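Readers should treat all values here as calculations from the given coordinates under stated rules, not as data from a laboratory. Predicted model only: the values in this text are computed from it and were never measured. Positions of Cβ are backbone-derived with ideal geometry, glycine not excepted, and every protein chain shown enters the neighbour counts.
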Amino acid sequence: MPTENQPAAGPVRDIVDARRHPRFKIGVDVRIYSRTCGMLKGRTVDLSQSGISAMLTLEVPLGEVVELDFVLPFGPVTIDAVVRQRNAFRYGFQFLEPDSGNGVIWSTCHQLAIEQSLISPVGG
């Protein structure tokens, strides 16, 4: 019988495993156009084919649809996204129509996968 003091390892693992696409570290400037907050500036933390996370200094409401504008190594991206999560100053954005920036985003993710797998320690 489980006790209340046992860690909830199962649900955390399920959330991580539920991601559709791997995330890759990348730091580029991003502009966020919000209906409630106006234009905000931030810096990305990581990128996947379905979303991006960024550090912001001002609060954006969860669930709000925003427009993101940023430049990746393969070109500029302007894409609509919904604010899905917030942890202190780090926000997670889910792309609403990933296909609209898919070529640039896919190419960047593919290149980052190659680069970041080369620097990852084997077996670690």
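So, in nm, how far is label Gln94 from label Glu59 when the simple model puts each one 7 Å beyond its Cα toward the Cβ?
Distance between the two pseudo-spin positions: 2.2 nm.
Can you bin every Cα-Cα distance in the stretch 19-119 into 5 Å intervals starting at zero and give me the percent of pairs per bin, rounded to whole numbers?
2, 14, 27, 27, 17, 9, 3, 1, 0
Taking H as built 1.01 Å from N, whose amide H comes closer than 5 Å to the amide H of Val28, not counting residues under 5 places away?
Under 5 Å from the amide H of Val28: Thr44.
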